[in-house]
Amino acid sequence: LTQLLCKAGDRGSDCAPLVPPPLPQASLEELAQALTRKEFVPYFQPKVAMQTGHLKGVEALVRWNHPERGLLAPAHFIDTLEGHPLMADFTIDMVQQVLERILDWQSHGLPPLTVSVNLSADNLADRSFIDRLIAQISASGVKPASLVWEVTETSVMRQLSQALTNMGRLRLMGFGLAMDDFGIGYSSMQQFARCPFTELKIDRAFVNGAAQWPNRHMVLKSALDLGQSLGVATVAEGVETVEDWKLLRDLGCDMAQGYLLAKPMPAEDLVGWIRQDRRRLRALAGDE
Ligand code: C2E
Ligand code: MG
Ligand code: MG
Ligand code: MG
């Protein structure tokens with residue numbers, strides 16, 4: 001898909017931002033300490049149905065509440081965790097906080113939401129991690145259908161057979177499974193069809209600014225058609241403008257996530273956001 005877009009030549013710079021330069025990474029020692037000190041917190045970004053404007057779910061995105069540097073995005077530290085046993089403990093900690101939030105939102109009478117959590121390549125390939133995860137959720141009383149695991153194509157491909165086994169286990173338990181960042185990997189279509197996904201998230205490299213570039217519409221349309229023909233929900237990532245929203249909605253995309261709707265926010269802001277933005281979202285779903 002990336003190659004197609006670059007060939008389509010609608011904007012030379014389309015190819016550049018797909019691989020951003022790496023940021024300086026925190027050390028493992030710092031990260032281990034941050035985990036002990038409970039400095040990692042999930043922020044939540046809404047995912048909205050494009051036909052109705054209803055909130056369908058939220059994605060949990062980690063932020064490091066750094067004592068000196070303030071709130072840090074995952075680009076500052078997530079790569080360091082990969083390949084280290086700390087990654088398993090990190091994800092279990094995130095999931096624990098997510099589970100507590102789900103129970104809390106339920107007690108506040110929020111409509112049922114699914115919460116999506118990103119799993120790393122390590123997590124996905126690790127049988128004992130998946131055992132821990134399943135035990136953790138069973139103990140919480142949260143239903144598996146309330147959770148969606150997001151994995152990237154690169155993570156799946158890193159250790160394909162383990163990933164396929166673990167994805168199969170998670171699906172069998174009733175969890176949702178999303179392919180994240182769809183379109184920026186290789187042989188996406190073929191790999192996608194082999195995996196038991198319930199959701200396909202189109203990378204924001206294809207979504208962002210799409211309305212301005214007619215060449216992209218067919219590419220988006222084929223990704224959405226693929227999702228539809230496989231019977232999975234389609235999500236557009238990185239919707240920032242009303243024009244892109246309308247394009248995606250008219251192309252038949254099921255859900256949208258992006259700054260147009262909301263940036264990732266602390267859990268306690270979500271209830272207020274739902275109340276405030278209901279009318280705006282309904283207007284977006286309609287035609288004006
Ligand atoms: P992702 O899972 O693809 O998450 C979407 C990213 O796009 C988030 O960045 C989100 O803040 C950003 N985003 C959403 N809407 C827009 C938009 O309209 N415009 C722009 N420019 N950006 C938008 P974030 O939070 O910095 O996370 C980056 C990546 O870090 C995530 O990409 C995911 O791969 C990883 N990540 C985040 N949280 C976790 C976690 O708890 N565990 C693991 N393993 N990875 C995580
Ligand atoms: Mg994600
Ligand atoms: Mg993504
Ligand atoms: Mg991403």
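The values are calculated or read from the model by the stated rules, or taken from the named source; none is laboratory data. Just so it is clear, the structure is predicted and the values come from calculations on it, not from any experiment. For neighbour counting, all protein chains shown are included, and Cβ atoms are generated from backbone atoms with ideal geometry for every residue, glycine included. Side chains are part of the model used for accessible areas, which takes the heavy atoms of the whole protein and leaves out ligands, DNA and RNA. Shrake-Rupley method; radii C 1.70, N 1.55, O 1.52, S 1.80 Å.
Some observations on this one:
- Note on region 229-288: residues that are more than 16 Å from ligand 4 (Cβ to nearest atom), of a type in the set (D, E) and surrounded by fewer than 17 Cβ atoms within 10 Å (Cβ to Cβ) total 6.
- When the criteria are applied in full, G227 fails the requirement of being out of contact with any Pro (no Cβ under 7 Å at 6 or more places or on another chain), in a loop (DSSP other than H, G, I, E, B) and of a type in the set (G, A, S).
- Boolean, E30 is at pLDDT below 95 and open to solvent by 30 Å² or more (accessible area, probe 1.4 Å): no
- Scanning region 168-203 for residues that are over 26 Å from G252 (Cβ atoms) and open to solvent by less than 10 Å² (accessible area, probe 1.4 Å) turns up just one, L170.
- Residues that are among the small types (G, A, S) and either open to solvent by 30 Å² or more (accessible area, probe 1.4 Å) or modelled with pLDDT under 95 (or both) within region 76-92 comprise just one, G83.
- Tally, over region 25-37, of residues that are touching a residue at least 40 places away in the same chain (Cβ under 8 Å) and basic (K, R): 0
- Residues of region 26-79 classified as within 16 Å of ligand 2 (Cβ to nearest atom) and small (G, A, S), total: 4
- Taking the numbered list (1) within 16 Å of ligand 3 (Cβ to nearest atom); (2) buried (at least 20 other Cβ atoms within 10 Å of the Cβ); (3) more than 21 Å from T234 (Cα to Cα) in turn, A121 passes all entries but (2).
- Single residue of S155, S138 found to be farther than 23 Å from L230 by Cβ and of a type in the set (S, T, Y): S138
- Among the residues of region 52-75, those that are surrounded by fewer than 17 Cβ atoms within 10 Å (Cβ to Cβ) and touching a residue at least 24 places away in the same chain (Cβ under 8 Å) comprise T52, H54, N65, H66, P67, A75.
- If you go through region 243-261 and keep only what is outside any loop (DSSP other than H, G, I, E, B), more than 16 Å from ligand 3 (Cβ to nearest atom) and of a type outside the set (D, E, K, R), you end up with W245, L247.
Results for (1) in contact with a helix residue (DSSP H, G or I) (Cβ under 7 Å, 6 or more places away or on another chain); (2) without any contact (Cβ under 8 Å) to a residue 12 or more places away in the chain; (3) farther than 27 Å from V239 by Cβ; (4) away from ligand 3 (no atom under 16 Å from the Cβ), shown as yes or no for each residue.
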site: K143; (1), (2), (3), (4): no, no, yes, yes
site: V148; (1), (2), (3), (4): no, no, no, no
site: T152; (1), (2), (3), (4): no, no, no, no
site: N166; (1), (2), (3), (4): yes, no, yes, yes
site: M179; (1), (2), (3), (4): yes, no, no, no
site: E199; (1), (2), (3), (4): no, no, no, no
site: Q212; (1), (2), (3), (4): no, no, no, yes
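- Restricting L270, L230 to residues that are away from ligand 1 (no atom under 13 Å from the Cβ), free of Cβ contacts under 8 Å to residues at least 40 places away in the same chain and hydrophobic (A, V, I, L, M, F, W, C) narrows the list to L230.
- Among (1) assigned to a loop (DSSP other than H, G, I, E, B); (2) touching a strand residue (DSSP E or B) at 6+ places or on another chain (Cβ under 7 Å) - the single one E240 does not satisfy: (2)
- Single unsatisfied condition, N208 versus (1) within 16 Å of ligand 2 (Cβ to nearest atom); (2) open to solvent by less than 10 Å² (accessible area, probe 1.4 Å); (3) out of contact with any strand residue (DSSP E or B) (no Cβ under 9 Å at 6 or more places or on another chain): (2)
- The condition of being within 16 Å of ligand 2 (Cβ to nearest atom), at negative phi and in contact with a Pro (Cβ under 9 Å, 6 or more places away or on another chain) holds for only one of M179, M167, that being M167.
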